[in-house]
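In what follows, a single structure is set out as structure tokens and then discussed.
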Amino acid sequence: MPERTIYLDHAATTALDARVLDAMLPFFTTEYGNASSIYTLGRHAMQAIDSAREQVAEILGCRPTEIAFTGCGSESDNLAIKGMAFASQKKGNHIITTPIEHHAVLHTCQYLERFGFKTTYLPVDTYGCVNPDDVGRAITDQTILVSIMYANNEVGTIEPVAEIGRICRAKKIPFHIDAVQAGGALPLDVAALNADLLSLSAHKFYGPKGVGILYVRQGMRLLPQLQGGSQERGRRAGTENVAGIVGAATALRLAYEDLPQTLPRIIALRDRLVNGLSNIPGSHLTGHPTERLPNNASFCFENVEGESILLNLDLLSIAASTGSACTSGSVDPSHVLIAMGLPVELAHGSLRLTLGKGNTDEDVDAILKVVPGIIAKLRGLHG
Ligand code: PLP
């Protein structure tokens, strides 16, 4: 049995950084005050949240008051999209997005359609790229929001969000970026990105699960989606998760401090994975060849099922992912790969490997050693 799991699913989640845990621990034990309480213990909690908000604002290049903490990336997306839609009903009912978004965006748009909102899903090319000109062409006098992801969670393609933001800004249409996969890896300067709303999730950058961040540009009016207290400047009711918020901010700060060391290493590992797996007959790199997340190596293999590859890797203590999803007994191919125009058969054979700072050259060696054999074996079984 291999001694440890080779974890290659950092797009799904990451391990908590030990330094982040250290920063969080006091807020579970001695500093347990409610940030709304006026006595010292409560004030300490509020100071910790204020300081976390400042750290996040510094990385995003915005005012601390423009940062709201939420319960996850999905909640940030929901608050941005529903909050903006319901607050803008008098202006219009049209939302523009893409078919390759995370379900936190797609299902939110579908939910809004029940209330009379209409969604335009812009096409993407075979790399999963949106054409910014299509955004400009799709905007109507009813458009109230454009929501496009910074980088795709399955294939890693980086979208031209700054250019899309420029077009939206010129037409005075609010622009939301789902930056959940970009957090800790790509620049997050909201001014350079022309973002009005931007979502992040702490567990994607070595922070705790259950903490989201939403940047809300000053002047954007959102209808809150949770009723109750007036926490987060009335944008999100509920006693603040102080330890989680401290963890999210610490993790984000450390991720960008560490980036000069971690980035070149991860890119080199990814390039080895991409080059090695490209040699397997019938393999296709998915996503953009260069405009892709530094840690993402995603492929489709002809005549195999992604789940079968995963199960075989799991037997070797290797954790990876496929775009296909098991729903009610049958396996649906990834909506992302289908929107990119991949044939359904090929989309069934998807494998996503996403690296993190703990991965080593030996991990890549192990993958390159076992994957060709697994695929050959599965194709043999397939006939
Ligand atoms: N958006 C994208 C692009 C994601 O990849 C994810 C999670 O995988 C989410 C949103 C949802 O984030 P969370 O798991 O924190 O709800």
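The values are calculated or read from the model by the stated rules, or taken from the named source; none is laboratory data. Remember, it's a predicted structure, so these values are computed and weren't measured experimentally. Backbone-built Cβ (ideal geometry, glycine too); neighbour counts: all protein chains shown.
General remarks:
- Counted residues, the stretch 87-109 - those being more than 14 Å from the ligand (Cβ to nearest atom) and touching a Gly at 6+ places or on another chain (Cβ under 8 Å): 1
- The listed residue being in contact with a helix residue (DSSP H, G or I) (Cβ under 9 Å, 6 or more places away or on another chain) and under 22 Å from M340 (Cβ atoms), out of Y206, Y150, Y215: Y150
- Condition check for I266: among the β-branched types (V, I, T), modelled with pLDDT of 95 or more and closer than 25 Å to E362 by Cα: yes
- Q227 vs. criteria away from the ligand (no atom under 16 Å from the Cβ), over 21 Å from the mean Cα position of the chain (by Cα) and without any contact (Cβ under 8 Å) to a residue 24 or more places away in the chain: yes
- Residue list for the stretch 62-77, filter: among the charged types (D, E, K, R) and more than 12 Å from the ligand (Cβ to nearest atom): R63, E66
- If you filter the stretch 29-59 down to residues that are over 26 Å from A185 (Cβ atoms) and acidic (D, E), you find that the one that is surrounded by the fewest Cβ atoms within 10 Å (Cβ to Cβ) is D50.
- Residue in the stretch 131-138 that is over 23 Å from Y215 (Cβ atoms), in contact (Cβ under 8 Å) with a residue 40 or more places away in the chain and away from the ligand (no atom under 16 Å from the Cβ) present: yes
- Reported count of residues in the stretch 80-121, each being surrounded by 15 or more Cβ atoms within 10 Å (Cβ to Cβ), more than 23 Å from Q218 (Cα to Cα) and aromatic (F, W, Y), is 2.
Listed here are the residues, each with its yes/no results for (1) of a type in the set (K, R); (2) under 22 Å from P208 (Cα atoms); (3) under 20 Å from the mean Cα position of the chain (by Cα).
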site	(1), (2), (3)
S37	no, no, no
L41	no, no, no
S51	no, yes, no
I59	no, yes, yes
R63	yes, no, no
E75	no, yes, yes
K91	yes, no, no
H102	no, yes, yes
L112	no, no, no
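- Flag if G128 is buried (at least 24 other Cβ atoms within 10 Å of the Cβ), on the phi > 0 side of the Ramachandran plot, touching a helix residue (DSSP H, G or I) at 6+ places or on another chain (Cβ under 7 Å) and not β-branched (V, I, T): yes
- Residue list for the stretch 185-204, restricted to those being surrounded by 24 or more Cβ atoms within 10 Å (Cβ to Cβ) and more than 9 Å from the ligand (Cβ to nearest atom): A185, L188, L193, A195, D196, L197, L198
- Restricting the first member to the stretch 257-269 and to residues that are under 17 Å from T354 (Cβ atoms), and the second to residues that are acidic (D, E) and exposed (fewer than 11 other Cβ atoms within 10 Å of the Cβ), no beta-carbon pair is closer than 9 Å while six or more apart or on different chains.
- Remark: pairs (first residue in the stretch 283-296, touching a residue at least 60 places away in the same chain (Cβ under 8 Å) and more than 14 Å from M340 (Cα to Cα); second residue hydroxyl-bearing (S, T, Y) and part of a loop (DSSP other than H, G, I, E, B); Cβ separation under 6 Å; 6+ apart in sequence or on different chains) are absent.
- Any hit, the stretch 149-156, residues being of a type in the set (A, V, I, L, M, F, W, C) and either surrounded by fewer than 17 Cβ atoms within 10 Å (Cβ to Cβ) or over 17 Å from E291 (Cβ atoms) (or both): no
- Subset tally (residues that are away from the ligand (no atom under 16 Å from the Cβ), surrounded by 15 or more Cβ atoms within 10 Å (Cβ to Cβ) and not in a loop (DSSP other than H, G, I, E, B)) for the stretch 1-18: 1
- Pair list, Cβ under 9 Å, 6 or more apart: the stretch 182-201 residue free of Cβ contacts under 8 Å to residues at least 12 places away in the same chain, other residue away from the ligand (no atom under 15 Å from the Cβ) and among the aliphatic types (A, V, I, L, M): P187/L193
- Qualifying residue in the stretch 207-220 (condition: under 30 Å from R352 (Cα atoms), surrounded by 24 or more Cβ atoms within 10 Å (Cβ to Cβ), of a type in the set (D, E, K, R) and within 13 Å of the ligand (Cβ to nearest atom)): no
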